[in-house]
Each structure stands twice: as C-alpha cells, then as structure tokens.
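Contents: one structure, followed by commentary.
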Amino acid sequence: MASYQSVLSRFRSARYITAAVAAVFVVSTLYYIQIPAGHPPSDRFSSWNDPPRPWQRPITPSSPVWDARAAQVKQAYLHAYEGYLKYAEGYDELRPLSNTGINNFNGWNVTMYDSLDTMLLMDLHDEFSAALPIISKGNFRKIKNYKFPGATKLYVPFFETVIRYLGGLLAAHALSGEQLLLDKADELGTLLEPAFNTYKGFPVFAIDTNSTELAGGISGILAEIASCQLEWTYLAHTTGSKKHFRYGNQVIQSLVETMIERQGGMFPTNWNLQNGRPGGRDTLSVGAAADSAHEYLLKQYLMTGQKDTANLEMYLLSTNEMLTRLMYVTPNRQMLYITDTNGPKHMPSHVFEHLSCFFPGLLALGAHTLPLNLSIIDPSGLNPDAQRAYRLLENYDLRELHMAAAEGLATSCWLMYADMPTGLGPEIANMEPKSRPWIDVLEEWRRGGMRGPIPGLAATTPMPYTKPEQSKATSKPWDYVVRRTDYFLRPETLESIYIMWRVTGDPVWRERGWGIFQAIEKHTKTPSGYASLRSVVRVPAVQQDEQPSYFLAETLKYLYLLFIDEDPVPLDQWVFNTEAHPFPIFEWSNYEKFKFDIPSSRVRN
Ligand code: DMJ
C-alpha cells in the first residue's frame, strides 16, 4: 500500500500514457506470439490459499434459541424449493399463487442454479445432489424465454445471467469442489464473452448465446456494465484461463480510465457503450441501475487479496461523494438515508429505495476489513467537487465515519420494515424534503468539539404506521411517505443486518432479522412457497404471483447465516457477489504480473 501511486497521479502525464500504451502493445504482441488465441496457458495462477471449506471448520457451541430459528429458516427454504420443484421444475421461477412455472431468465432453471450454494450452506446435500444431473444436462445455447423489450428474438440478459447463473455455479463449486459446476461455469462464461465486444470492453445488455448476436443498443447502465469483475476474475482464477481474466480486467481498466478523466467522484448511472463513457442524464445513485457497480469496487479489491489498489481508490473516491452529497438526516426522527441526485446541479430527489439498503452492509464490510484512510489519494489531482469532499472527510476518522453511516442507514432500512403494519419494508419511500445533508450536521458537531454521539444515529424506535392514507398528505411524524408499497421479497435490508451482526456482534441485529423473518412467514407464505406483496401498508397483505429466485439465493441465505452460530463464510475469507454467492478470497501473489502481461481486449466496432 505504501508504495502505491494514486490512479489519478499515475496517469496524469500524457507522455506516460503514450509510453504505457506502447508497452502494453509490445507485451500484448509478445503474449499473442507465445500463447495461441483460445489456448489457456497450462500454468494455473499460483499462490491460492484455499480457505477451509465449511465442514472443515471447528463447530462453535450454539444456543438452542438461535439454532431453532435457523432451523425454521431452513424449513422455509425447503418449503420454497419443494414448491418450485413440484409445480415449476424445468422453469425459472415458481408462481406461488397459481402454482405454475414461469421462464423469465432464459428458461434454464434459475431458481435451482441460484440456490445451489444455499443448499450447501444449509447442509441440504440430498437436494444439492439431485440438482447436479439436471445441471449437467443444461443447454446454455437454448434460450427458452426472455422478453427483451422490442425484440423479436430471444436473448440472454447479460447482467442477470452473470450474477444468478455464473455466480451460482462458481460459489457452489467453491463450497463443494464439484468439477461439473466449474465446467458449466467455464462453458457459460465463454458463451457470454462476445458481449464484451464493445469499444471499452463494457458488456452489452443482452446476447444470443447460440448465434453470438448482441442486443440492447449503445446505452448501458452502470450496474449492468460494471458488475461482472468478481465473476470473471474468480472464473479466471479457478480455471487458470487468462482469456477469462482479460475480460474482467478490461472492465476494471476502463473504469480506471473514466475515473482518471473525471478526477474523482462517483460513476454516474447512464453510459454510452459506443465511446465507453458516461452519457445522458447525469444521475448519481447507489440504488436501481447503479448499486452493484459500487459494491464490486470494494469486493474486487478484497477478493484478490487486497492487491488491486486501483479498485480501492475508486471505492474511496466514490464513497467520499456518497457520504458528502447523497446522505441526509430527517428533521424529526433524525433518520439517516441515502438518496440520488439528478442533473448537473445534483438536485437530490429525497427518494430512498429498498435496493439502496445493501449499502450500509457494504460500508460496514469495508470498515471491518480495511484500515480505510484517504492517504492513498493525491488530492491535488482531483476535480473541485472531489477535492471538497476529500477536504471535508480528512477531518474525520474515515473508518469510524463509514461505520457510523452503516449503522445509521441499516437502522433506517430496518425501521422502514418495523414501522409498517406488515413488518415488511416498502420498495420506495419519499423522505422528508426538509432533511439536511448529513455532512452539514456532522460539520456542526465537529466544530462544536464532537460532543455527544455522532449525529444521524438517533432514530431507533419504530412508529407504527397505522394510517397510510394520512401519510400521503404529510410525512409527519414518520419523516417519509411510502411511494411504492410493494415488497418483492428482496434481500438488501437483511444483507446489511447480517453484515452488521457479524461486524459488531450486537445481538440487536439478530433480533431485528428475526422480526423480519416472522413477518415474511406471516404475510408472504403460501401453500406452495412465498409470494411478493402488493402493499406493505395493508393487512391482510395482498400477495402477488411471484417467488423471485433471489429470495432463495439471498434473502433466506442471509437469514440463515444470521441465525447460525457458526460462521461458514467469514467476511475476511469470502466475498459475496451481488446475488449473495460467496467466492473465496485468494492470495494472488503474481496478480500484478498477470495484470500487465495480458493483451488489451479492446475491440473497435
Ligand atoms: C438481486 O438480483 C441482486 O441483489 C441485485 O444486485 C439487485 N436486485 C436483486 C435483489 O433485489
């Protein structure tokens, strides 16, 4: 870390860039001469320290209460999965009200692939073994159904296929050592790789895996173009294929170039794949269309044994802007929340999305695993906004600040469940527009001598939200109105609650998670599975005919991991992809060498 030069300062000189490009060209040419295209090198990447598999760990003594609660989550998983097998086997997802199946993610049995690792973590080895023959027969060239808007043909959506299928296969392989799963991951990764054939190597929206035809036009959204690095790096690592490595690494390098051009800050949500640059409306968000791209900056750094510092620097530059621009405190309850901004003047929408509730967990993960300080950034190369954020934050203990933000945000995410008559959180809330930027409140506190607790963490008591019709007229006393009442069985709040529990050891997080699980059981359970809700503010709840695969992959997995006393996937040895599929952290001592040893995959079209 000490010898690391800032991404921004490293590339500041145009002459340096020319020399670097020339060097890459020479090395690339040599590489092509030595290693024929399509032939992976025979040597595996070395120095991987295998973390112990779950069953190799010593079992810690457990408490009967939490054991019983974990057992109930396991039963919930079995109920959901058995319902899927009974009524929807061969389809992607179960429709738990009509007891039918639906193909909405290629028709390759997404629920099965997405939850293989949940089975392993829950010791459901019979279910896992029964799935393997089906997976061995899976045909990734045959797309049964994906309704791409406006298209006449069927395509595979790149992002969803990567996080659910590829991530599911890789994690299940990591947990089981089952070679079939790695072979299928290798096959699927290879079929998806033509999607990277854009100017800067960012993947397109969709691909026909049979003909390699691409679809989706020239616009891309941040989450979908920059949430595949973990999967491709880990695939490269386990197969030893530099070809796979090249695709994930090219996405990282293109992000680095953009960060250099923008001189700090967050990556905006809308991108143009033709020039590989941000384009269109200038939206900054950690929610829909952006979320996992921010997540992968930190997680890529962690998974590769904290070697790839460019990712850490991008994470710090991004979170600097999030902490100083996107976070607000409500006037009455002092709820901390994160919103998005639009346009060149960065006007806050004051919308708080359920999807953004992964973010407190991410902050806590970073604060738990890293020293977190700004010393790796050279502030002189930053744009004025990024410099302002840097100057403000250098007055704080950054790790403490990230942890405080994590606690405040995770608490708000939980409160929005606990306030509701169903005990389940809404998809979107409009927060009180008179909220103040968190950084302003923090600065007052700092200038006042930092007396008392850090501001933004005061709201901890639920307020029963009994009259939703009144809440439409005024946000008082909740400090928000529910804008979208659905509950889609999403995992984000439970994901953050799980990480907060692991990081702090404070049992309050477990109890909050238990409350949510009871609400899931009460309102979403059907005779064949679990159903999304139309409204969290109405009791009895109105159910919708869908059971998303991420409910089995993520929501139930995080609940189970929250309640078991053992820690089969410790946060300092595993990273979860954005669909909760755990990949082991590896020590890749020659990572830098491979990084600069590879040809650029940039293809002009
Ligand atoms: C999941 O597919 C992933 O967590 C993704 O990153 C966001 N959306 C859903 C769950 O809400």
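For this structure, a couple of remarks:
- The set of residues from the range 148-192 being within 16 Å of the ligand (Cβ to nearest atom), out of contact with any helix residue (DSSP H, G or I) (no Cβ under 6 Å at 6 or more places or on another chain) and open to solvent by 10 Å² or more (accessible area, probe 1.4 Å) comprises just one member, Glu160.
- Selection status of Glu257, within 16 Å of the ligand (Cβ to nearest atom) and at pLDDT 95 or above: no
- Lone qualifier among Ala206, Ala215, Ala195 - being farther than 19 Å from Phe583 by Cβ, in contact with an Asp or Glu (Cβ under 8 Å, 6 or more places away or on another chain) and either of a type in the set (Gly, Ala, Ser) or buried (at least 20 other Cβ atoms within 10 Å of the Cβ) (or both): Ala215
- Restricting the range 340-360 to residues that are in contact (Cβ under 8 Å) with a residue 60 or more places away in the chain and surrounded by fewer than 18 Cβ atoms within 10 Å (Cβ to Cβ) leaves a set whose member that is farthest from the ligand (Cβ to nearest atom) is Pro344.
- Close pairs (6 angstrom Cβ cut-off, 6 or more residues apart or separate chains): touching a residue at least 40 places away in the same chain (Cβ under 8 Å) in the range 528-543, among the small types (Gly, Ala, Ser) and open to solvent by 20 Å² or more (accessible area, probe 1.4 Å) anywhere: Leu533/Ala541
- Odd one out for Ile376, checked against (1) surrounded by fewer than 17 Cβ atoms within 10 Å (Cβ to Cβ); (2) out of contact with any Ser or Thr (no Cβ under 8 Å at 6 or more places or on another chain); (3) modelled with pLDDT under 95: (2)
- Considering each residue of the range 538-552 in turn, none proves to be more than 19 Å from Asn99 (Cα to Cα) and either open to solvent by less than 20 Å² (accessible area, probe 1.4 Å) or within 16 Å of the ligand (Cβ to nearest atom) (or both).
- Any hit, the range 325-339, residues being open to solvent by 10 Å² or more (accessible area, probe 1.4 Å), touching a residue at least 24 places away in the same chain (Cβ under 8 Å), within 16 Å of the ligand (Cβ to nearest atom) and closer than 17 Å to Ala288 by Cα: no
- In the set Ser435, Ser475, only one residue is over 20 Å from Pro360 (Cβ atoms), buried (at least 20 other Cβ atoms within 10 Å of the Cβ) and either modelled with pLDDT under 90 or not acidic (Asp, Glu) (or both); that residue is Ser475.
- None of Leu273, Leu182, Leu191, Leu230 is touching a strand residue (DSSP E or B) at 6+ places or on another chain (Cβ under 9 Å) and farther than 24 Å from Asn311 by Cβ except Leu191.
- Hey, Thr369 open to solvent by less than 20 Å² (accessible area, probe 1.4 Å) and in contact (Cβ under 8 Å) with a residue 40 or more places away in the chain or not: no
- Filtered residues of the range 273-289 (kept if crowded, with 16+ Cβ neighbours inside 10 Å and at pLDDT 95 or above): Leu273, Gly276, Arg277, Pro278, Thr283, Leu284, Ser285, Val286, Gly287, Ala288, Ala289
- Here Gly449 meets the list (1) open to solvent by 60 Å² or more (accessible area, probe 1.4 Å); (2) assigned to a loop (DSSP other than H, G, I, E, B) almost entirely, failing just condition (1).
- Filtering the range 482-499 for residues that are assigned to a helix (DSSP H, G or I), touching a residue at least 60 places away in the same chain (Cβ under 8 Å), surrounded by 23 or more Cβ atoms within 10 Å (Cβ to Cβ) and more than 16 Å from the ligand (Cβ to nearest atom) leaves an empty set.
The values are calculated or read from the model by the stated rules, or taken from the named source; none is laboratory data. In this text the structure is predicted, and so the values were computed from the model without any measurement. Cβ sites come from the backbone with ideal geometry, for glycine too, and all protein chains shown count toward neighbours. Areas reflect the complete protein model, heavy atoms only, side chains present, ligands, DNA and RNA absent. Shrake-Rupley method; radii C 1.70, N 1.55, O 1.52, S 1.80 Å.
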